[in-house]
Amino acid sequence: MKSFNRIENFNSNKPTILTIGTFDGVHLGHQKILKKLLQESGNKDLESTVLTFFPHPRTILNPSKPLKLINSINERIELFKKSHIENLIIHPFDKKFSEYNPEKYVHEILVKQLNAKIILIGYDHKFGKNRSADINDLIEFGKKYDFDVIEIKAEELNDIAISSTKIRNSINNGKINIANTYLGYDFSIFGIVVKGNSIGKTLGFPTANIKVNFDDKLIPKNGVYLIYSYINNKKIFGMMNIGIKPTINDNEKSIEVNLFDFNENLYNKEIRVYFTKFLRDEVKFDSLEELKVQLEKDQLMCKSLIEKN
């Protein structure tokens, strides 16, 4: 896969079949679109090309309502690579770009710059200033500028009823199993291990404290989760606590992972942690001893779930 960080940097000797979107999550619905893109590119001898944007358009157009994202841009790139598309264009989205006249956007960018001969797009796609143009306008522009439009109809996507918004809501509500089903892979966070207060270690549950390296990354709701990670190419299960650790009156939110049967030093190392199940909400205990008893129960629950899998 070739990757381009601006529309202007794109170059190809072949015409393209193009799809456009933010693709946050690159979920099963997105994957269906990418599969269709690849199929049509082979049939028509066109280069499969995706135009996506960073930052997310909603963060520019509606800054008063910040949006947390399922994927960092690097995670999105990894997922696109797995789809085997030929070209990925990640264009910086800004106010100026959002104000493109629809016809100018189609003619100057999609046709002249990206050499699109087929545009494959969802039935509800909007584009141009104030999102004023839709797929019907695109079809008319296609007649004028010599490209075809393949519409992905509602029923093609609604049979799996997936959207990035549904996935975000599932993650926000701790419904990790539902989010993973919609995504087609296990949701994860990525960051560096930093020093914590070592309370877990004194309780017999040493933790790696993770500082996520993408500010706009969606973090699941506070609570305890069954997780796993790959360390030295080995899959290691564990449990994670997200929250403010109310038992020790620590009001600063943290992400702590206790890896089972593991005692290596991970400080300052990067780690990716995959979520599989929400266990319980974060609770304030009357003492550290009560917390330790609960952690032992959490660990037993996790290990019984691992054995079932």
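The values are calculated or read from the model by the stated rules, or taken from the named source; none is laboratory data. Note that the coordinates shown come from a computational prediction; the quantities given were computed from them, not determined experimentally. Don't worry about glycine lacking a Cβ; one is built from the backbone with ideal geometry, like all the others, and counts go over all protein chains shown.
Annotations
- Of Thr276, Thr247, all but one fail to be farther than 14 Å from Phe205 by Cα, among the β-branched types (Val, Ile, Thr) and over 24 Å from the mean Cα position of the chain (by Cα); the exception is Thr247.
- The set of residues in the range 76-106 that are part of a helix (DSSP H, G or I) and in contact with a Lys or Arg (Cβ under 8 Å, 6 or more places away or on another chain) comprises Ser83, Ser98, Pro102.
- Tabulated pairs, the range 232-261, first surrounded by fewer than 17 Cβ atoms within 10 Å (Cβ to Cβ), second among the acidic types (Asp, Glu), C-beta under 7 angstrom, 6+ apart or interchain: Ile244/Asp250; Ile244/Glu252; Pro246/Glu282
- Verdict on Gly196 being of a type outside the set (Phe, Trp, Tyr) and not in a loop (DSSP other than H, G, I, E, B): no
- Residue in the range 257-292 that is nearest to Ile199 (Cα to Cα), counting only those that are of a type in the set (A, V, I, L, M, F, W, C) and at pLDDT below 95: Leu288
- Looking across the range 1-27, just one residue is charged (D, E, K, R) and assigned to a strand (DSSP E or B), and that is Lys2.
- Take the conditions (1) over 28 Å from the mean Cα position of the chain (by Cα); (2) hydroxyl-bearing (Ser, Thr, Tyr); (3) within 19 Å of Asn197 (Cβ to Cβ); Ser254 misses just one of them, which is (1).
A quick yes/no check of all residues on (1) farther than 12 Å from Leu88 by Cα; (2) in the same structural domain as Gln113 (by TED's automatic domain parsing); (3) without any contact (Cβ under 8 Å) to a residue 40 or more places away in the chain; (4) part of a strand (DSSP E or B):
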{"residue": "Gly29", "(1), (2), (3), (4)": "yes, yes, no, no"}
{"residue": "Ile33", "(1), (2), (3), (4)": "yes, yes, no, no"}
{"residue": "Glu40", "(1), (2), (3), (4)": "yes, yes, no, no"}
{"residue": "Phe53", "(1), (2), (3), (4)": "no, yes, no, yes"}
{"residue": "Pro63", "(1), (2), (3), (4)": "yes, yes, yes, no"}
{"residue": "Asn71", "(1), (2), (3), (4)": "yes, yes, no, no"}
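- As for the range 157-180, it holds no residue that is of a type in the set (A, V, I, L, M), closer than 27 Å to Ile33 by Cα and assigned to a strand (DSSP E or B).
- Residue that is among the hydroxyl-bearing types (Ser, Thr, Tyr), outside the structural domain of Ser83 (by TED's automatic domain parsing), closer than 21 Å to Lys297 by Cβ and surrounded by fewer than 17 Cβ atoms within 10 Å (Cβ to Cβ), where the choices are Thr181, Thr202: Thr202
- The single condition among (1) in a strand (DSSP E or B); (2) more than 23 Å from Asn173 (Cα to Cα) that Tyr267 does not satisfy is (1).
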